[in-house]
Amino acid sequence: MLRDRFTIRSNQPLPEFSTPNAEAFVAEDKRDPKRALYALICRPDMPVRVNVMRALKGMLNPGLVQLVEWGAMTWSPAGRQCMTVIYERPIGKRLMAGPRSPECRRVDEYDISRKVVEPLVAAIKELTNRGITHRSIRASNLFFMDEGGERIALGDCATAPPAYDQPMAFETVESGMANNVARGSGSFSDDLYSLGVTLVFLLLGRNPVAHMDDEALLKMKIQQGSYSTLVGDERLPLAFIELLRGLLCDDPDQRWDIESLDLWLSGRRLSPLQQRHEKRAARGFPFNGKEYLNCRELAAAMSRSWDLAIPPVLEGKLELWLRRAVEDKERAQAVADVVRMALNGGDKRVVADLMLCKVLIMLDPTAPIRYKGFNSMPDGVGSALAAVMAQKGDTKLLAEVILREVPRLWFEARKSYLPDNSLMDSNFKELKGYLTQTGLGFGLERCLYEMNDALPCQSTLLGEEYIVELKELLPALNAAAAKRTDSKQWPVDRHVAAFMGARARSDIDRNLVQLNDSEPSRSLMALLNLFAVFQYRLGPEQLPNLAAWVGALAQPAVAAFHSREKRKELEKELPKLVRRGSVVEIYNLLDNPGERDKDQSEFAWAQAQYQAAEEEIRRVQNNEDDRGKEAVRIGKQTAAVTGIVIALLSTTITVIMKVW
Amino acid sequence: MAKKKFQAAPVKKGAAAGGGGMNKAVVLTILAALVPFSLPTVVLLAFTMLPTIGAWASERGNNKYAWLCVGGLNFAGVIPYLFGLWFGVHTLDEAFNLLSEAGVLLWAYGASGIGWLLYTAMPPMVSSWLSFTTDRRVAALKAAQKRLVEDWGDQVVKKGHN
């Protein structure tokens, strides 16, 4: 049951609506049982697009299957909470059975504008206005929404990272070069490219590149351009040639935008864009048993065989090829400068890797960041990290990318200023700062949550809970507290701390640094402070289990008070606050600066007193000889005075007696 | 530096010895001048105060208080007879008569004996008293330390950082 309203039938799967990463099941709305719905259950190890879900919820657009509701829900077949997305159930089928199917439903050229182009352009416009991209526009994600096949709409795009399920054919050359988990959200231009490919499929009624594997398809797109690769010698209506040339243009700056599409839809015809091809070299560059005739292709090949690519670049062969065969002296000089700097650099392996990364960017500036086999668009690093961490993969390479500021090399190579790039660059600098700190609340986990603002907390402490927002964390910890078995375990681990650091609206890094203090009382107080602030700001008012958990761990904070009387007082007071379930009050009780200062000064005074007494005892006990001498002297003096006094008294008495 | 100190000390000691000798000579001269006028007193005192002289002569060290203690009691034993001589017949015969009486010498020497006893007993008594008060002080300090440990824990034993 999702949000106490939608029932998902785990015994009624709907495989025809499943996506490669989410299974579909029948969903029912309690308020409107006749409404046809289906639910997609997301894979727990796959980062989903919560921001897209937020933006799409309730949106009514003829070009989009309506996203009715979303949220985490306990899914008994998986035995844990899973993200669930509920969509309006299309009446008809998909236009293409699967992403790799050779055939798809053909849409008549006279209908395609009305049925496909108009609604999909409207959908892309709406998404752009809401600041999101679809990135799952493909023929296999289009549904007939009615029995007559009059309305066609785009399906799910939120249950996997952007463009994760997109076949190579539907992605631009640049996006196609990136690992599918690291393609990034991209821009509306990427969606328009996918729309162009979808139109080709629908006009032809088949997949024109079904016979090609991804590598060959990418190579052909680079060599001949996307339009030529996908359309080739096929005969298409004239009006659509103009549209498709505009949408399938490989230069993102020249590719048609929404305005151009609007003009086309309103009947105004624009001159078709001519494909610009990459400059061919006079002779090929031999690499890994093949010859490459243009920079883009060579860069892609080098990125695939990283270790083999370094020697020819360092030996200057690439520079020579650029200078003589490509006749691009400027680029040759830039490569020569990078190689020279690398030869004079420090750690040869590191410098060589960064050098090759720079050279690949120079050879193909629009390509993704390519580093040791990891190919990612700058905004795709986050989802890549999330996927690798969720699947418990090796994160070393991703950590290296951040620590060695690899994205910066990509941003520096941009010809024009883009505010988004500048923002991402400064974000990556911040991430490097987090990664260099190894304590709780920092490290790769912090980078993970900073880069994926909708990623649920991955902490094992939370069990099966699906926690996306900070306000959900304390209640989840409260629930986990009831089930805990280890009484000494803290209610925080690397993921919880990093999640708090990334999701808190204010800067809590100082508290997180304190959380790593070697003094247990200080680290506990830092944790209590964080929890208290979150409970105070975000609620709920009562967290009895969590309060009991932190109360049981409060011993170091109580022990930080020197006065035993104060300790007894705190130990007496704590259970009352635990029963009230208030971490805020527990924190206020333990963190009373006035009391703490008073305790400290009184303890210092007690220490001084103890030491003074100790000193005096030592002095007294060590002066036995002196005391003996002193006793003899005083004794003799006393005796002498006594003698004199007796003499005087007897004289006086004698005088008095004589006088009387 | 050491040489200077070594030279300075004898000079100072010599000067002090010279001053003391001069004083003693003056006192002895005055006493000698008085002898013809009070010979009976001198004779009586000379014989009855012998324990005092002995105490003065026998004691060594810096704190020479024995002659004062012994002398005080010795004088207390002699003073009634001395007054008898002064207010009776102040002659040499009377002085010798007194000296020949066993009671006179018994009082004089007995009193000086008590003086010796007092002088001998007093230092151990004072020592015991001092020891008693010291033990009480140490016990009081340890009790205070114990209270501090009870109030503040074992950490209070450590020296403070401030």
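Observations, loosely collected:
- The HN-Hα couplings worked out from phi for the stretch A:12-18 by the Karplus form 6.51 cos²θ - 1.76 cosθ + 1.60 (θ = phi - 60°) are 10, x, 10, x, 5, 9, 5 Hz, whole numbers, x standing for Gly and Pro.
- Partner chain coverage, peptide B:144-157 - average Cβ within 10 angstrom: 5
- Estimated inter-spin distance, A:N288 and A:R130, nm [label 7 Å along Cα→Cβ]: 4.1 nm
- Close amide H partners of A:T19, meaning residues 5 or more places away or on another chain with modelled amide H under 5 Å apart, are A:A24.
- Full extension of the chain between A:S187 and A:D233 gives 13.6 nm of extra length, using 0.36 nm per residue less the Cα-Cα distance.
- Backbone amide hydrogens, once placed in the peptide plane, bring A:Q66 within less than 5 Å of A:E88, excluding anything fewer than 5 places away on its chain.
- With a 10 Å cut-off around each Cβ of A:649-655, the average count of Cβ atoms from other chains is 4.
- Each residue of the stretch A:303-320 was assigned a 3J(HN,Hα) from its phi angle through the Karplus curve 6.51 cos²θ - 1.76 cosθ + 1.60 (θ = phi - 60°); the sequence is 5, 7, 10, 4, 5, 6, 7, 5, x, x, 6, 5, 6, x, 5, 5, 4, 4 Hz, with glycine and proline shown as x.
- Per-residue Cβ neighbour counts within 10 Å put A:L398, A:L403 in the sequence A:L403, A:L398, beginning with the fewest.
- Computed E for A:R340/A:D517 - FRET, C-beta separation, R0 56 angstrom, nearest 0.05: 0.75
- Cα centroid separation, the stretch B:75-101 to the stretch A:293-370: 134 Å.
- The magnitude of the dipole of chain A, with charges of +1 and -1 set on the Cβ of Lys/Arg and Asp/Glu and taken from the Cα centre, is near 560 debye.
- For the options B:L118, B:L82, B:L34, a Gaussian network treatment of chain B with springs between C-alpha atoms closer than 10 Å singles out B:L34 as fluctuating the most.
- Choice from B:L31, B:L105, B:L73 with maximal GNM fluctuation in chain B (Cα, 10 Å cutoff): B:L31
- Stokes-Einstein D in µm²/s, Kirkwood radius over Cα pairs - the stretch B:35-105 at 37 °C with 0.692 mPa s viscosity: 256 µm²/s
- Hydrodynamic radius (Kirkwood) for the stretch A:315-425, which is based on Cα pairs only, to one decimal in Å: 15.1 Å
- One chain, two ends: A:K279 and A:S601. Fully extended at 0.36 nm per residue, the span grows by 108.0 nm beyond their Cα-Cα distance.
- For the stretch A:196-255, size of Cβ-based charge dipole, Lys and Arg +1, Asp and Glu -1, in debye: 180 debye
- Taking Cα centre as origin and charging only the Cβ of basic (Lys, Arg, +1) and acidic (Asp, Glu, -1) residues, the dipole magnitude of the stretch A:6-265 rounds to 880 debye.
- With 0.36 nm allotted per residue and the present C-alpha distance subtracted, the A:T651-A:R324 stretch has 104.0 nm of extension available.
- Derived scalar couplings ³J(HN,Hα) [the stretch A:213-220; Karplus, 6.51 cos²θ - 1.76 cosθ + 1.60; whole Hz; x for Gly, Pro]: 7, 4, 5, 5, 5, 5, 4, 5
- Most mobile of B:A66, B:A33, B:A95 in a GNM of chain B (Cα contacts under 10 Å): B:A33
- Taking the charge dipole of chain A about its Cα centre, with +1 at Lys and Arg Cβ atoms and -1 at Asp and Glu Cβ atoms, the residue from A:L398, A:L154, A:Y164 reaching farthest to the positive side is A:L398.
- With a cut-off of 13 Å on the backbone N, no residue of the stretch B:99-130 is near the modelled label site 7 Å out from B:K142 along Cα-Cβ.
- For chain A, the convex hull spanned by the alpha carbon atoms encloses 260 Å³ per residue.
- Measuring between their Cα centroids, the stretch A:545-575 and the stretch A:142-189 lie 56 Å from each other.
- Scanning residues 5 or more positions from A:A160 or on other chains, those with amide H under 5 Å from its amide H are A:R49, with H placed 1.01 Å from N in the peptide plane.
- For the stretch A:47-101 versus the stretch A:495-541, the gap between their alpha-carbon centres in whole angstrom: 35 Å
- Average partner coverage of B:83-92, which counts Cβ from other chains inside 10 Å: 1
Read-outs throughout are calculated quantities, based only on the coordinates presented, and are distinct from any laboratory measurement. Computed from a predicted model, the values in this text were never measured in an experiment. Quick reminder, even Gly has a Cβ in these numbers, built from the backbone with ideal geometry, and neighbours come from all protein chains shown.
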